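Inspection log for the structure reproduced underneath, given as structure tokens.
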RNA sequence: GGUGGGGUUCCCGAGUGGCCAAAGGGGGCAGACUGUAAAUCUGCUAGCUAUGCUUUCGGAGGUUCGAAUCCUCCCCCCACCA
């Protein structure tokens, strides 16, 4: 989605994009704040446009929450950017967290119990509570109790053998570092990546920043990127295993045929 | 060769007689997840025929009712001196 984070987020390159047109790439500046809701709006629009041309859209990516939100929808929870900015300023810090807990345990004990260790979720719950006077848990019930797919999809979760996956992450990291990731990161940091609202969360850039400041060696940086990527991959495994009943496992690389057949079937349905 | 410091559970690292299968961190494993999600958070992490037992704190002995902790010898590592 973000401009500039080409190597670090492993964007498809020019050649790949000539073969398969990609959407929603480079549509945000790193200084922009992004969230699931906006993503779903944009993805819906892109899907609609692709289908209107008689083509089959393929949703690819590892951001579980975004994909689930696209496929199952979001409950109509309100948001208020100004209020949120205010709440963040007040509570999104070590010291603010204690105040937040006190406030929420008084105002909204249910959500407080649910998220008492989780600063961000508690702030979001407070935001919703301030706007609606209701607990976010209460308002999320529609999705929880009656999840239904918004699109007729064939969904597959790519599953690699763990040892092979680890090895692939290592190879991928080295490849990215050799392709100039460090220079890219330096440039992005110069443009304010570390203080960006959401883009700074892209994996690896903060670790590279530490290396550039001389805090850690090249090898330590490399190892940490590999470890974080691996941990992220594990979170993805958990997510897609438990949050996507519609998805079938595609054992890589042997089940590629299954994936292709699934996509073909969709195209016949059109 | 001499002096000083050190060897702790997968790793780093605390523990200097009982409350120690051993703090804390890392890693690993499992899980959560509705507007910052490549983020954030939670639980478990010696073994077993488990409210107890067995093995574990460099190795071998010893002191003690009781040792990761004290003593002796040995093996390795680091720093400084030569």
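Points to keep in mind about this one:
- Placing pseudo-labels 7 Å out from each Cα toward the beta carbon at residue A:134 and residue A:80 gives an inter-label distance of 1.6 nm.
- Ranked by the mean number of other Cβ atoms within 10 Å of their residues, highest first, the peptides A:13-24, A:112-123, A:244-255, A:198-209 come out as A:198-209, A:112-123, A:244-255, A:13-24.
- Label-zone membership for the stretch A:1-36, site residue A:88, 7 angstrom Cα→C-beta point, backbone N under 15 Å: A:29-36
- Comparing mean-square fluctuations of A:95, A:196, A:52 from a GNM of chain A with C-alpha springs under 10 Å, the top value falls on A:95.
- Highest average first, the peptides A:64-77, A:132-145 ordered by how many other beta carbon atoms sit within 10 Å of their residues are A:64-77, A:132-145.
- Centre separation in Å (Cα based) which lies between the stretch A:30-66 and the stretch A:173-193: 26 Å
- GNM result for chain A, Cα springs below 10 Å: residue of A:44, A:26, A:92 fluctuating most strongly: A:92
No lab work stands behind these numbers, since they all come straight from the coordinates. Treat the numbers as computed from the prediction; the structure is a model and nothing was measured. So basically every Cβ, Gly included, is an ideal-geometry build from the backbone, and we count neighbours across all protein chains shown.
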